[in-house]
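What follows is one structure encoded as structure tokens, with my remarks underneath.
Bear in mind these aren't lab numbers, they're just calculated from the coordinates by the rules spelled out. Quantities reported herein were computed from a predicted structural model and do not represent experimental measurements. Here the Cβ positions follow ideal geometry from the backbone for every residue, glycine too, while neighbour counts run over all protein chains shown.
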Amino acid sequence: MSQSYHDLLILFGSETGCAEDVAERIGRQARRRRFRTRVIAMDDYDKNQLIDEKLVIFVCSTTGQGDEPYNMKKFWRFLLRKNLPRDILSSLNCAVFGLGDSSYAKFNYPAKKLYKRLQQLGAYMIHTRGDGDDQHYLGLDGALDPWLKIVWEEIMEKYPLPS
Ligand code: FMN
């Protein structure tokens, strides 16, 4: 088996499976680039380890009226704790992609809030947030494909494969 070089964690919040599919897709792309990759629902992830992660891609959808999917609610509550030190995620490189539908008033709210909160806690964003939109004529791929292209360029520059 070929050797893996760096860790990449993909955390998702998904109500009906689309964000999970996107997370799995990014996971396959990561393995092809030789990352040791885990794809986990946010609420199934041991959040105490977050402080030790180096590289995380967050993917989350929106449900209800701008609400978080059921499987990221606990994780989101944890991130909102007031007693978290402001620099707790300062060794984290990350990216956030949201899945939503711009016909709703609260378009992509969980991803927008997550992006802001991660920055507040000191995380470095390797790229600006991506906003998937069901209304795009290409569906969520309309935003995902160009977003991922830049994210991979940034990641491979920071974590190159040994020549
Ligand atoms: N998208 C938004 O941007 N804002 C919303 O408030 C919102 N509410 C939704 C409510 C329902 C019941 C459904 C079915 C979709 C809603 N969406 C909203 C769109 C979804 O976030 C979008 O279809 C997404 O791709 C679903 O991903 P998931 O299958 O991972 O949950």
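Details
- Rotationally averaged projected area of the range 26-121 (alpha carbon convex hull; nm²): 6.6
- Among SER61, SER14, SER90, the largest mean-square fluctuation in a Gaussian network model of the chain, built with springs joining Cα atoms closer than 10 Å, belongs to SER90.
- The charge dipole of the range 1-65, taken about its Cα centre with unit charges on the Cβ of Lys, Arg, Asp and Glu (plus for the first two, minus for the last two), comes to roughly 540 debye.
- Here the calculated FRET efficiency for THR16 and TYR124, from their Cβ-Cβ distance with R0 = 22 Å, stands at 0.10, rounded to the nearest 0.05.
- Prolate/oblate/rounded call for the range 1-79, Cα gyration tensor, a/c under 1.5 rounded: oblate
- Cβ-Cβ FRET estimate between LYS106 and ARG77, R0 fixed at 30 Å, reported to 0.05: 0.95
- The gain in end-to-end length when the ILE150 to ILE51 segment is fully stretched comes to 33.1 nm, 0.36 nm per residue minus the alpha carbon separation.
- Between LYS82, LYS106, LYS54, the GNM of the chain built on Cα springs shorter than 10 angstrom shows LYS82 fluctuating the most.
- Pairs over the 28 Å Cα-Cα cut-off, from the set LYS113/LYS149; LYS82/LYS149; LYS82/LYS158; LYS106/LYS158; LYS116/LYS158; LYS82/LYS106: LYS82/LYS149; LYS82/LYS158; LYS106/LYS158.
- Using every pair of separate Cα atoms, the Kirkwood estimate puts the hydrodynamic radius of the range 96-163 at 13.1 angstrom.
- Highest-MSF residue in the chain out of ILE26, ILE57, ILE150 [GNM, Cα springs under 10 Å]: ILE150
- Taken over the C-alpha atoms, the chain has Rg and Dmax values of 15.1, 49 angstrom.
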